[in-house]
Amino acid sequence: MTEEKIMPGPGGGRLSTLLRWVGTVITIFIFGYFINQHWEEFREGLSLFGIRMSLLIVIVTVLSRLFISFRWHFLLRVIEPRVKPRFTISTTFAGLFASNFMPTTIGGDIFRLAAGVSQRYDATHVASSLILDRLIGMFGMILALPLNLVYLTADKLRELTTPATAVVALPVWLQGLTRKARSAFDKLMQTLALWKDHPGSLALALLSTAAHMGCLYFTLWLLFERQGEHISFIMVAGLWSLSYFFTLIPISINGYGLQELSITFLYTHIGGASMEASLVTALMIRVAQAFASLPGAFFIPQFFKIRQKYTENADESYLDDRDPDE
């Protein structure tokens, strides 16, 4: 498994980026339209969150990011025993910060791959650990999907396919999910070979992703509770997992707009929350995630310095063997 499996290839790159930009603009515009239609209620909802509550939400979101770091650390240390927790934590946060601006859902992974190579870790090993890291994260969300079956009545399924909600139409989503699931399974079978003799590390990675998901679901539940919307924790978890797979559709930058629309739609039409509360929750969770990634801004410069120093001291044989896209 090579790094090309993670890093986007040159073919179709411009068209893909253009589509993401167009999709982002359209979905953000639609989300903004909904806010404008419910402006007074939306403003009242935002006013419910004081400094203490907002700080608590950010802290729990940072904690969830730490568990993401631990998940990758448990995987990477199997094939790179030299790795330290400080590296995986700082690199993960830097990657999360970078992904806010990169026109692809895997921008953070590209940064983590480059940071690993700059530390003289084997590029193939780092790439494989990143693929498995993503697959385990996706596996956790898949496990939460059945929680939706309790709430998906026939009437609500019909709502999911109405013309007004074509932006997240169920048939298109299911078709895309099937393709992604098949591709993920194929990659998983190839990648697991390096970790097959380390079930303990895989178990710790799964526990880390479960802890991350728990923090995320608690944040969403708290956001709704604060607005007087009493949605069960199970429903919050199931609907977020559904929203997560909507955001994997490659039509926006880092899920901007698409995540907000899917959250608003699902928690309103299936969760029974008001449109205003769903809009506020969608915006607050995005802001919390952005704030939680800010520590990564302090780590990015140090990796560029390490990489520059390493490149200057590297011998010619190493430079010749490097991937030209690094």
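What follows is calculated from the coordinates using simple rules that are stated; it is not laboratory data. As the structure is a computational prediction, the values presented were derived from the model and not from experiment. When we count neighbours, we look across all protein chains shown, and the Cβ atoms used for this are built from the backbone with ideal geometry, even at glycine.
Between I142 and F29, what FRET efficiency comes out of the Förster formula 1/(1 + (r/R0)^6) with R0 = 25 Å and r the beta carbon distance, rounded to 0.05? Approximately 0.20, to the nearest 0.05. Kindly state, to the nearest 0.05, the FRET efficiency for Q37 paired with R14, given R0 = 51 Å and r defined as their beta-carbon distance. With R0 = 51 Å, the Cβ-Cβ based efficiency is 0.90. Between S232 and A203, the modelled labels are 3.0 nm apart [label points 7 Å from Cα along Cα→Cβ].
Cα centroid separation, segment 39-72 to segment 124-145: 25 Å. For V287 and R82, the FRET efficiency from 1/(1 + (r/R0)^6), where r spans their Cβ atoms and R0 equals 51 Å, is about 0.90.
Residues with beta-carbon under 14 Å from that of V280, excluding V280: net charge, scoring Lys, Arg +1 and Asp, Glu -1?
On the way: positive: R43, R226, R286; negative: E40, E41, E44, E225, E229, E260, E276.
Spelling it out: positives minus negatives among the neighbours equals -4.
Full extension of the segment from E44 to I59, taken as 0.36 nm per residue of separation minus the current Cα-Cα distance, would add 3.1 nm.
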